[in-house]
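Here, each number is a calculation from the coordinates, and none is a lab measurement. Every value quoted in this text rests on a predicted model; they were computed, and no experiment measured them. Positions of Cβ are backbone-derived with ideal geometry, glycine not excepted, and every protein chain shown enters the neighbour counts.
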């Protein structure tokens, strides 16, 4: 068993030195060039005094440079924490307070932004790190010191109080996940993966590590292109992409925009999706347009290393039928537990609870939160066995699990997890807001925000202000100003009443 | 009407913007909420059809198309290349 997920790079760079490893809109790197850059940047990190397990924050655009930096951190024996390059600075500040990075790798534009916000103390330029003369023995010694239960990466997700939570995932989780992906979807050195997800979203683990472990090519698709579904599919054809792992939002917009019509895409073999519910209506558009592809629905929260169940679509579905999330995958065990901790019978709803070595180590620098979510398996009294409570509800349908929604106020936008409390915390920062209430419209899949204020905001002017505190996917699609929010007997905002009034 | 005015007229009418005082040639149509994400494709379809040009995925990656002026610049460049 490998001790570090970055070991894949050393092996692959030996096998395929001159083959393209990764390409973005500005150019490409061969496996040999990738490894050379990684060794240089890792040397640069070590030269700045970084020690094992100290996190490296990566504040770079979705690019080849991000990939180099992640692997360099791992070569130096440290976990990496990717953040969205478009993250509002107030959110980045809270992320950094939780993470306490030893170093923040960025570019010149990012450095200016960090300095202006008073967050520049740990900043170091990627180009400066790359300029180091590689000290290979020192770097290899640092990587030798890693054990497979050390954190590989820390991914930040929405927290209910407005402070993002950092999910720390160990190397063994990533190694196992990569093996499962490669085996299930038959990824080889001839495969070409088209990366949709940003690196701050754990779906990117699929593409990155499947390529690293096999020598397949990683094509980093620029975020902007997903605004134009026809053009994304042009790129899939042009780059001869063979496997995609995209969020349903993106697949739905391609189907709805007619972007699949009249395309053969003979090279595309595997279409995988996860992160939110995939409606059969749009999946059927894909299946009709590209009948030669294998389709698979994955499910899992970041806390179990990306995914823990897999359903290979093996039969026709009516447009209105639900698509199963499948069976436990890659050695994970899934329990559906009722409120009292007992297992749900077939057809009965229970909370999806996950066991196995893919479990995250916990939330970075947040022991209390970790203890609440990672708990003892109530069905095991013989030895300590951690189980992650997902908060998702499911039921057994024969051998497969059907997803039945959330038991709390979490929801998904573009496959990204969000807490209503997080939306409210951001909206409350806007000038003139006394109180607010965020609701989620399950049917339209959009955020409804009700705000108590004297200012004459409309949706556009409000969102313009709110953008300073929230990423774009957190902005409301529906916005209303109220003189006063209704309260219940305890003086709290009466959410059930508001939900009824707004038909949610 | 020049290219910019034609695009401006289309966007104003198609997305029902009217004479909103915050709207102008340099405002970010998407960030400011004048056009939603589906609208991006509609604008591209309009300019391809109306000006007889083909916007490629490379154009979208290389050139920003967030304001009326930026879109007009891309159209003018493509028309000059024809």
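Here is how the numbers come out for the structure above:
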quantity: Percent of Cα pairs exceeding the 17 Å cut-off, where the set is the stretch A:385-427; calculated: 49
quantity: Calculated FRET value between residue A:237 and residue B:42, using beta carbons and R₀ = 30 Å, to 0.05; calculated: 0.85
quantity: Value of D in µm² per second that Stokes-Einstein yields for the protein assembly as shown, Kirkwood Rh from Cα pairs, at 25 °C (0.890 mPa s); calculated: 97
quantity: Among B:32, B:48, B:70, residue whose mean-square fluctuation peaks in a GNM of chain B (springs only between Cα atoms under 10 Å); calculated: B:32
quantity: Residue A:380 versus residue A:502: modelled label distance in nm, points set 7 Å from Cα along the beta carbon direction; calculated: 4.2
quantity: Sorted largest first, extent of the stretch B:3-81 alpha carbons per principal axis (Å); calculated: 35, 21, 19
quantity: Cβ-based exposure ranking for B:16, A:97, in which fewest neighbours within 10 Å come first; calculated: B:16, A:97
quantity: Ranked A:84, A:494, criterion: other C-beta atoms within 10 Å, fewest first; calculated: A:494, A:84
quantity: Antiparallel %, DSSP beta bridges [both residues in chain A], to 5; calculated: 60
quantity: Rounded tilt (10° steps) of B:37-51 against the dominant C-alpha axis of chain B; calculated: 50
quantity: Antiparallel DSSP beta bridges within the stretch A:410-501, as percent of all bridges there, nearest 5; calculated: 70
quantity: FRET efficiency, residue A:488 to residue B:31 (Cβ-Cβ, R0 25 Å, nearest 0.05); calculated: 0.10
quantity: Order by protection proxy (mean Cβ within 10 Å, highest first), peptides A:248-254, A:334-340, B:21-27; calculated: A:248-254, A:334-340, B:21-27
quantity: Helix-derived mean residue ellipticity, 222 nm - over chain B, DSSP H n ≥ 4, -39500 (n - 2.57), to 500; calculated: -17500 deg cm²/dmol
quantity: Tensor-based shape of the stretch A:1-87 (alpha-carbon gyration tensor, a/c under 1.5 rounded, otherwise prolate or oblate); calculated: oblate
quantity: Value of [θ]222 nm, deg cm²/dmol, for chain A, DSSP H segments ≥ 4, -39500 (n - 2.57) each, nearest 500; calculated: -9000 deg cm²/dmol
quantity: Mean Cβ count within 10 Å, highest first, over the residues of peptides A:14-24, A:298-308; calculated: A:298-308, A:14-24
quantity: Packing-based ranking, highest mean first, of A:452-462, A:348-358, A:150-160, A:468-478 given that Cβ atoms within 10 Å are counted; calculated: A:150-160, A:348-358, A:468-478, A:452-462
quantity: Relative contact order of the stretch A:297-429, defined on C-alpha pairs under 8 angstrom at six or more residues apart (%); calculated: 21
quantity: Peptide-level mean, for A:231-238, of C-beta atoms on other protein chains within 10 Å; calculated: 3
quantity: Ranked list, fewest to most other Cβ atoms within 10 Å of each Cβ, for A:171, A:230; calculated: A:230, A:171
quantity: Efficiency of FRET from Cβ geometry, residue A:435 and residue A:327, R₀ 41 Å, rounded to 0.05; calculated: 0.35
quantity: Chain B: relative contact order in percent, alpha carbon pairs under 8 Å with at least 6 residues between; calculated: 38
quantity: Separation of the residue B:79 and residue A:140 label points, Cα + 7 Å toward Cβ, nm; calculated: 6.2
quantity: Chain A, relative contact order [Cα under 8 Å, separation at least 6], %; calculated: 12
quantity: Shape category assigned to the stretch A:444-496 from the gyration tensor of Cα positions, a/c cut at 1.5; calculated: prolate
quantity: The stretch A:327-406: C-alpha gyration tensor shape, a/c 1.5 cut-off, then a/b vs b/c; calculated: prolate
quantity: Cα Rg over Rh - the stretch A:410-501, Kirkwood; calculated: 0.94
quantity: Per-residue mean of C-beta atoms belonging to partner chains within 10 Å, peptide A:460-468; calculated: 2
quantity: Label point distance in nm, residue A:281-residue A:455, each placed 7 Å from Cα along Cα→Cβ; calculated: 3.6
